[in-house]
Amino acid sequence: MKKFGTKIVVIFLPVIFFLLVMELYISSELAKGKRYYLQADWHDLRNHHSDVLFIGNSRMRNHINPGIIDEATGKKAEIIGQDGQDMHFMWLKFKEYERNNKRPEVIFLQFDPFFLNECKDLFGFDNYRTGFYMNRIDFTSLHQRIGYLWFYEYLPLAAIDIYLFIRVLFSLTIPADQGFEYARGSQIIQRKWEGRWDVYPQIEVKTESVSNYLDSFAIYCKQHNIQLNAIYTPQSYPSYKEVKNVKALGHMIMLINRKYAINMIFNNYNSPQYNDSTLFHNHMHLNQKGVNVFMKQFLDSTILGMRTIGRE
């Protein structure tokens, strides 16, 4: 039995040593600002200092063009997002951003069932898995999610995957035109409509799971005199008409405004104008043509006086 234990140690010690060395090397590469996955940008959320910040998941990343905001307002705009995630998750990412940048003047928070409804697992794990290792980022509140394993904090094997090894060893970083300086967190979809226009998912607004994080954003913005806004970006109009409990969104805003004596503005941009498949890639995401239509609608709206915040 003793010999067996010795063999196990002899076999695994070199493996553990190799993984530790790789972890140190990866850490050094991340410290240089290198990004190996498009949304694995947690270590790179520094020195952006944007004036207008959009926060959400793919329905913010795919729908907002920060360059158009820059040109129209004279302010620097940026999106911080993570596909498939909820407000709880994005509060953690925002806090990482806030720790390394000046505070924005304005925040636009995604406010729809795709962001309010709770994400119960570690969706898109490759984009933030290295943050668990040795508490590189405080992900304590994610430990209860499906898929989390207690040893993620301690074993590099659990925090790093073979694809990341390959990307690091061969310096396979993301293209320059997808980095912050060019894209500012956006990823506009170029593809045309795919699927059936008359078949769409059934969605219901469920507000209870992330209400505490809406409070967190409201308190933070009030403390630092930041204008907080909530937006529901377009989805295909047939699918929007079937969303259950939409009125709860406006009710939540009303309660938050009363509770904290703030003026959070909510704009829902869904309308029959978006009963057009040529504006979408799928029911939940606009394509390039749709983004152009939406950005004009967004800038023409009265929300926050977007035409004046950049020019006194």
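The values are calculated or read from the model by the stated rules, or taken from the named source; none is laboratory data. If you're wondering where the values come from, they're calculated on a predicted model, not measured in any experiment. All Cβ positions, even for glycine, are placed from backbone atoms using ideal geometry, and neighbour counts span all protein chains on display. All accessible areas refer to the heavy atoms of the entire protein, side chains included, with ligands and DNA or RNA removed. Shrake-Rupley method; radii C 1.70, N 1.55, O 1.52, S 1.80 Å.
Values computed for the structure shown
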| read-out | value |
| --- | --- |
| Members of region 186-200 found to be surrounded by 12 or more Cβ atoms within 10 Å (Cβ to Cβ) and in contact with a His (Cβ under 9 Å, 6 or more places away or on another chain), listed by number | S186, I188, I189, K192, W193, G195, W197, Y200 |
| Flag if M60 is touching a Phe, Trp or Tyr at 6+ places or on another chain (Cβ under 7 Å) and not in a strand (DSSP E or B) | yes |
| Check on G74, touching a strand residue (DSSP E or B) at 6+ places or on another chain (Cβ under 9 Å) and more than 19 Å from H224 (Cα to Cα) | no |
| Residue tally, condition in contact with a Lys or Arg (Cβ under 6 Å, 6 or more places away or on another chain) and farther than 26 Å from Q297 by Cβ, over region 194-250 | 1 |
| Total residues in region 202-233, condition outside any helix (DSSP H, G or I) and in contact with a His (Cβ under 7 Å, 6 or more places away or on another chain) | 2 |
| Residue that is nearest to Q178 (Cα to Cα) [pool: residues in region 28-44 that are open to solvent by less than 40 Å² (accessible area, probe 1.4 Å) and over 19 Å from the mean Cα position of the chain (by Cα)] | L30 |
| Qualifying residue in region 241-249 (condition: open to solvent by less than 50 Å² (accessible area, probe 1.4 Å), without any contact (Cβ under 8 Å) to a residue 24 or more places away in the chain and not polar (S, T, N, Q)) | no |
| Cβ-Cβ under 8 Å pairs, at least 6 apart or on other chains, region 118-137 side among the β-branched types (V, I, T), far side open to solvent by 60 Å² or more (accessible area, probe 1.4 Å) | T130/R136 |
| Tally, over region 39-56, of residues that are touching a Gly at 6+ places or on another chain (Cβ under 6 Å) and either under 18 Å from N270 (Cβ atoms) or part of a strand (DSSP E or B) (or both) | 1 |
| From the options P113, P104, residue that is within 20 Å of Y232 (Cα to Cα) and open to solvent by less than 50 Å² (accessible area, probe 1.4 Å) | P113 |
| Conditions (1) within 25 Å of Q288 (Cβ to Cβ); (2) over 20 Å from the mean Cα position of the chain (by Cα); (3) open to solvent by less than 40 Å² (accessible area, probe 1.4 Å); number of the one not met by E71 | (3) |
| Residue within region 130-152 that is acidic (D, E), touching a strand residue (DSSP E or B) at 6+ places or on another chain (Cβ under 8 Å) and open to solvent by 40 Å² or more (accessible area, probe 1.4 Å) present | no |
